[in-house]
Amino acid sequence: MRPSTRAVHVPVPTLPNSRSISVPIYQASNFAFDDPDALAEALESPDSGFVYSRYANPTVRALEDHLARLEGGVAAVFTASGMGAISAVLMSTLRSGDHVIAQSCLYGGTYAMLNDLAARFGVDVTYIAGDDPAEVAAAVRPSTRMLYLETIANPVTKVVDLPAFLAAGRAAGLVTVVDNTFATPLLCRPIEHGADVVLHSATKYLGGHSDVTGGALVFAEDQRYREVWHHAMELGAAADPFAAWLTIRGVQTLPLRMRQHCANAAVLAERLAAHPSVVSVRWPGHPGHPDHEVARGHLSDFGGMLVFDLAGGREAGYAFTKGVRLAKLAVSLGGVETTLVHPASSSHRQLDADALLAAGIGEGTVRVSVGIEDAEDVWEDFAQALPL
């Protein structure tokens, strides 16, 4: 099946003589066993039955299996938040003294987590621009353990040459982790390009309705899945069944929503680029985007996230975010409604001036998560809020 069809059809538990169309919510924390040996085995293995919902839960497992199929992986772990997924993969993979290579434009929470690991455990991090895969070979040390990338970077929508960078990571023997939140499995499947682990904040496009918090890790091979599962279970990063059920419901409409997100973003990017108060627009589908040709190489569409820079700097950015009426000023993204944020003062407030500059974030940068409303209504809202 093609990805847009696969997203709709979620396997459900088998019942005698009939089956539920939707996945049931197993709102249970504890599961009983008739066989003590089976209970002991379930405590040690993620695929030996359900014993306690911090370890595994049937509703959560249905979502995990579904996400693994969508991404082309062997298994997945669903967590209580995107940061739960980030923490689980970093803390289960890295040890004191390890070295990480990461692109400089990253989600602010990832940046903060890497800084915390550096300060508390001596995990060293080298940030690269992500323009040339040779940057990976140049940064590698004997202690280098991981290469961390984003398919479409938060917030500036940078697109790295994913196949080339992952090949460079494999050549250096690194664990390659790709945050695929902005692209979703419908626009890109990094495992097909050689990634070891694919990460999602399911709070965003997978859930899609601003009503669930969750994260996901999808694995290319079984051993790494089991290692991270054990650590995530001990860390207490497990998601609850209702959050998993909401995410399942969201994923089933993902193909329709992503189509509209992308179409609306194309309209806004073109019109913003022509506005006299806008210095630049960054949307991977816009010909003026520095990574447009790279994006065309491995994305099936260009996503619903765009960034633009206002000529008036911080003051203009503040005035715009205050002046919109339809769009919502909110830090999260990927919902059906259009939201926007001023990264320098909110989502990336952890970054100092040098780090902001390295990440491509300016004083007048505005990040927009384009919703599925009528594009004309969104544009009219933006037009009345933009400075003349």
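All of the numbers you see were taken from the coordinates with simple rules; none came from a lab. Small disclaimer: the values here were computed from a predicted structure and weren't measured. As a convention, Cβ positions derive from the backbone with ideal geometry for all residues, glycine included, and neighbour counts pool all protein chains shown.
For region 348-367 versus region 204-228, the spacing of their alpha-carbon centroids is 27 Å.
Taking other residues whose beta carbon is less than 12 angstrom from the beta carbon of GLU315, and scoring Lys, Arg as +1 and Asp, Glu as -1, yields +1.
Averaging the sequence gap over all C-alpha pairs within less than 8 Å and six or more residues apart, then dividing by the number of residues, gives region 254-385 a relative contact order of 28 percent. Here the dipole of the chain is about 380 debye; that uses its Cα centre as origin and unit charges on the Cβ of Lys and Arg (positive) and Asp and Glu (negative). Once the Cα atoms are used to define both axes, helix 254-273 deviates from the longest principal axis of the chain by about 20 degrees.
Here the convex hull built on the C-alpha positions of region 1-134 has a volume of 181 cubic angstrom per residue.
Given R0 = 51 Å, the distance between the Cβ atoms of ASP131 and SER22 translates into a calculated FRET efficiency of 0.65. Here CYS188, CYS105 are placed in order of increasing Cβ neighbour count within 10 Å, fewest first, which gives CYS105, CYS188. Using the Cβ-Cβ distance between LEU256 and SER143 with R0 = 41 Å, the FRET efficiency computed as 1/(1 + (r/R0)^6) comes to roughly 0.35.
Among the trypsin sites (Lys or Arg not before Pro) found in region 83-153, those both in a DSSP coil and sparsely packed, with 12 or fewer other Cβ atoms within 10 Å of their Cβ, are ARG95. Working from Cα positions, state the angle (0 to 90°, nearest 10) between the long axis of helix 241-252 and the longest principal axis of the chain. Computed tilt is about 60 degrees. By DSSP, the beta bridges lying fully in the chain are antiparallel in about 55 percent of cases. Between the alpha-carbon centres of region 44-96 and region 289-324 there is a gap of 32 Å. Think of it as helices only: each DSSP H run of n ≥ 4 in the chain is worth -39500 (n - 2.57), and spread over all residues that comes to -11500 deg cm²/dmol at 222 nm.
Counted residue by residue at 0.36 nm each, then reduced by the alpha carbon distance between them, the extension gain from ALA119 to MET1 reaches 37.8 nm.
Cross-link partners for LYS158 among the lysines, with Cα-Cα distance under 25 Å and sequence neighbours closer than 8 places in the same chain left out: LYS204, LYS328. With respect to the chain, whose longest principal axis is taken over its alpha-carbon atoms, helix 82-93 is tilted by about 60°.
Across the chain, the longest run free of exposed loop sites, meaning GluC sites (Glu not before Pro) lying outside DSSP classes H, G, I, E and B with no more than 14 other Cβ atoms within 10 Å, spans 45-220. Rounded to two decimals, the Cα radius of gyration of the chain over 2.2 N^0.38 Å is 0.99. With no solvent and one equal point scatterer per Cα, compute the Debye intensity ratio I(q)/I(0) for region 254-385 at 0.10, 0.16, 0.17 Å⁻¹ and report its log10, rounded to two decimals. Each listed q maps to, in turn, -0.29, -0.78, -0.89. Neighbours of GLN223, meaning other residues whose beta-carbon lies under 14 angstrom from its beta-carbon, give a summed charge of -3 when Lys and Arg score +1 and Asp and Glu score -1.
Residues THR181, THR339 in ascending order of nearby Cβ atoms (within 10 Å, fewest first): THR339, THR181.
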